[in-house]
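S.K.: Sharing a structure below in structure tokens format, with a few things to ask.
The numbers here are math on the coordinates, done by the rules we state, and not lab data. Quick caveat, the model's predicted, so the values are computed rather than measured. Note that each Cβ is placed from the backbone with ideal geometry, even for glycine, and that neighbours are counted across all protein chains shown.
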Amino acid sequence: MEYLNQLGAFGADLQYANLPQNVRQQLGWVLVDTLGAIVGGSAEPELRAMAQSVSHGNGATLVGLGVKASPMEAALINGTAGTFLEMDEGNRFSRGHPAIHVLPAVLALSETQGADAHRFLAALAVGYETGSRFGASAQLRDAIHVHGTWGTLGAAAGSARVFGADPSSMRESFNVASSMTIATSKKTMLQGGLVRNVYAGLSNSNGLLAAQLVRCGFQGEADGPASLFGEIVSERYDQVTLLRGLGEEWHLTQNYFKLHSCCRYNHGTLDALDILAERGTLPAAVDISSIEVTTYKYAAELTDPAPRNTLGAKFSVPFAVATRIVNGSSGLSSFTRDAIRNPDVLALASRVSIVEDPAMTARLPQERPARVRVFHKNGQVHEVEVGVNRGDDTSPYTTQELSSKFLDLCERVWSRSHADALLNSTLALGEAKSGDTAHFLTWLQMLSRTADH
């Protein structure tokens with residue numbers, strides 16, 4: 001259990017000012033990107049109905065809604081909002097989405113605990129690094145959806161850091177949180193079960209609660225993570241991977257961002273279509289007889305050509321391919337309620353087939369490959385294969401592309417001028433001096449703005 005002591009000391013001792021410059025810079029963009037996903041998701045009708053039904057407390061901001069809730073309610077609702085659009089960042093080594101499982105919890109606590117920007121950002125870094133490392137060290141069972149699992153431990157660590165936990169309390173937060181994860185089902189994403197969007201919210205609220213319980217004197221198992229990941233939900237648990245490069249190699253800098261508004265498993269295929277479009281060799285939908293996609297195991301599972309709702313559409317390779325071609329985009333507008341009913345999209349989706357290539361599966365996690373063959377009715381075949389997906393740390397989007405994404409997401413709720421001001425303020429958050437709570441409060445007020453539309 002010495003490994004938990006090391007991880008606990010890392011989380012308790014981390015100071016924002018001591019982070020390398022490149023890590024601080026990347027943390028800022030992770031914050032921007034995750035915040036944009038929450039704001040954009042807050043406009044969804046199911047999320048707004050949930051917020052109205054569930055929130056009864058006060059103190060913490062429901063981002064994009066302009067109202068307050070209790071910290072645990074805010075952690076739940078903001079965490080749910082951030083997964084609705086499938087635009088939140090992720091990490092290929094943990095095979096999940098660390099930031100959305102941490103930011104809502106540490107944001108709610110930081111607001112109600114009177115934190116400054118440095119404490120808030122340190123907590124976000126602690127939660128991201130620990131959560132992502134637990135994810136990388138475990139191989140979850142195939143039937144489990146990654147959301148709601150190791151993210152709970154990340155949220156607990158980030159929350160404990162806001163509370164100023166010492167190494168022993170930080171360590172205990174891992175043990176307590178290990179018993180507060182949920183049994184998630186991958187079928188919810190494959191079948192468009194909207195309950196899946198709540199998983200990240202529950203990780204945030206349960207992780208926050210775990211940190212509070214430790215402060216109240218609660219204890220967990222002697223090694224809760226080993227039980228959870230070594231015996232219950234995972235096929236393996238590698239403590240060496242968990243600690244490798246701790247404090248020197250940062251998962252934060254090995255993440256990915258998303259511009260395609262759908263599951264990451266679709267992105268290799270969509271990148272290939274973008275290449276064909278750039279070459280001028282992507283036929284119009286009416287001229288395509290069929291499309292063959294060869295890819296890795298997890299992408300090859302996304303086979304539904306006629307998803308029942310927008311969530312199902314985001315987890316369908318045939319639909320993603322068809323809507324990209326018919327609408328000329330893989331952005332938000334191509335995965336709306338109207339898009340999933342478009343007969344031209346559905347007709348083309350029915351002509352898309354997907355198969356797994358085990359050799360491609362073996363290239364994970366360094367690559368997420370896909371090969372796309374588009375068969376023209378005139379007999380021509382247009383083929384592209386990709387390995388690394390756009391947005392990975394080895395093929396990053398530009399800061400201009402990430403800024404445009406943030407502004408587009410925020411404009412679902414706020415004016416362009418407010419979105420632009422929030423972008424600049426968020427990127428500058430770490431420039432405040434330690435202990436300067438006024439700067440952080442001003443930023444929080446910007447998040448508390450009521451929706452403009």
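S.K.: Report the relative contact order of segment 1-96, percent, no decimals, based on alpha-carbon pairs under 8 angstrom and at least 6 residues apart.
M.R.: Details: 88 pairs, mean separation 26.4, N = 96.
Once normalised by length, the contact order is 27 percent.
S.K.: Just tell me which aspartates and glutamates come within less than 14 Å, Cα to Cα, of residue 405; anything on the same chain fewer than 8 places away is out.
M.R.: Residue 405 reaches 33, 86, 88, 89, 420.
S.K.: Moving to a separate point now. With r as the distance between the Cβ atoms of residue 277 and residue 434 and R0 = 51 Å, compute the FRET efficiency 1/(1 + (r/R0)^6) and round to 0.05.
M.R.: On the way: r = 48 Å, r/R0 = 0.94.
E(calc), rounded to 0.05, equals 0.60.
S.K.: While we're on this one: How much of the DSSP bridge set in segment 264-386 is antiparallel, in percent, rounded to the nearest 5? Mind dumping the intermediate values first?
M.R.: Values: 13 of 18 bridges.
Around 70 percent antiparallel, to the nearest 5.
S.K.: Bin width 10 Å, origin at 0, all Cα-Cα pairs of segment 264-386: what percent of pairs per bin?
M.R.: 15, 49, 32, 4
S.K.: Right, next: For residue 289 and residue 364, what does the FRET efficiency come to when R0 = 25 Å and r is the distance between their Cβ atoms, rounded to the nearest 0.05? Present the calculation step by step, with values, prior to reporting the outcome.
M.R.: Values: r = 31 Å, r/R0 = 1.24.
Approximately 0.20, to the nearest 0.05.
S.K.: Across every pair of different alpha-carbon atoms, what Kirkwood hydrodynamic radius in Å does the chain reach?
M.R.: Averaging 1/r across every pair of different Cα atoms and inverting gives 22.0 Å.
S.K.: Once R0 is set to 35 Å, what does the formula 1/(1 + (r/R0)^6) return for the Cβ-Cβ distance between residue 18 and residue 452, expressed as a FRET efficiency to the nearest 0.05? Spell out each step's value before the answer.
M.R.: Values: r = 39 Å, r/R0 = 1.11.
Step by step, r from the Cβ atoms, then E = 0.35.
S.K.: Normalised by the number of residues in the chain, what is the relative contact order in percent for Cα pairs under 8 Å and 6+ residues apart?
M.R.: Details: 989 pairs, mean separation 88.4, N = 453.
Result for the chain is 20 percent.
S.K.: About the Cα centre of the chain, how large is the charge dipole given +1 on each Lys and Arg Cβ and -1 on each Asp and Glu Cβ? Please answer in debye to the nearest 20.
M.R.: Numbers: 37 positive and 45 negative charges, 146 e Å.
Roughly 700 debye, rounded to the nearest 20.
S.K.: Suppose only helical runs count, i.e. DSSP H with n ≥ 4. What mean residue ellipticity at 222 nm does that imply for the chain under -39500 (n - 2.57) per run, divided by all residues and rounded to the nearest 500 deg cm²/dmol?
M.R.: -14500 deg cm²/dmol
S.K.: If you count, for each residue, the other Cβ atoms within 10 Å and average over each peptide, how do 330-337, 50-57 line up from highest to lowest?
M.R.: Working: 330-337: 18.8, 50-57: 14.6.
Per-residue Cβ counts within 10 Å, averaged per peptide and sorted highest first, yield 330-337, 50-57.
S.K.: Which of the three applies to segment 374-453, rounded, prolate or oblate, going by the alpha-carbon gyration tensor with a ≥ b ≥ c and a/c under 1.5 meaning rounded?
M.R.: Numbers: a/c = 5.30, a/b = 2.18, b/c = 2.43.
Oblate, because a/c is 1.5 or more while a/b does not exceed b/c.
S.K.: Still on this structure: Which distance in Å, rounded to a whole number, links the C-alpha centroids of segment 375-448 and segment 62-93?
M.R.: 16 Å
S.K.: Filter the DSSP H helices in the chain by two things, a Kyte-Doolittle mean of at least 0.5 and an axial alpha-carbon span of 24 angstrom or more, and list the hits by number. Let's see the in-between values first.
M.R.: On the way: long enough: 21-41 (30 Å, 0.44); 117-137 (30 Å, 0.28); 198-215 (26 Å, 0.57).
TM-like helix candidates: 198-215.
S.K.: Restricting to the chain, compute how many DSSP beta bridges are antiparallel as a %, nearest 5.
M.R.: Taking every DSSP beta bridge within the chain, about 80 percent pair in antiparallel fashion.
S.K.: Going by average Cβ neighbours within 10 Å, how do the peptides 180-188, 425-433, 96-104, 264-272 rank, with the highest at the top? Display every interim value, and only then the final one.
M.R.: Numbers: 180-188: 18.1, 425-433: 15.8, 96-104: 32.1, 264-272: 25.4.
Averaged packing, sorted descending, gives the order 96-104, 264-272, 180-188, 425-433.
S.K.: If you don't mind, there's one more thing I want to ask. Charges only on Cβ, +1 for Lys and Arg, -1 for Asp and Glu: so what's the dipole of segment 264-386 about the Cα centre, in debye to the nearest 20? Please list the in-between numbers first.
M.R.: Details: 14 positive and 14 negative charges, 56 e Å.
Computed about the Cα centre, the dipole is about 260 debye.
S.K.: Continuing with the same structure: How many percent of Cα pairs in segment 219-283 exceed 16 Å?
M.R.: 70 percent
S.K.: Let me ask another. Go through 291, 268, 309 and say which Cα lies farthest out towards the positive end of the charge dipole of segment 264-386; charges sit on Cβ, +1 for Lys and Arg, -1 for Asp and Glu.
M.R.: Ranked along the dipole, the leading option is 309.
S.K.: What order do you get for 372-379, 37-44 when each peptide is scored by the mean count of other beta carbon atoms within 10 Å, highest first?
M.R.: Details: 372-379: 15.8, 37-44: 25.6.
Top of the packing list down: 37-44, 372-379.
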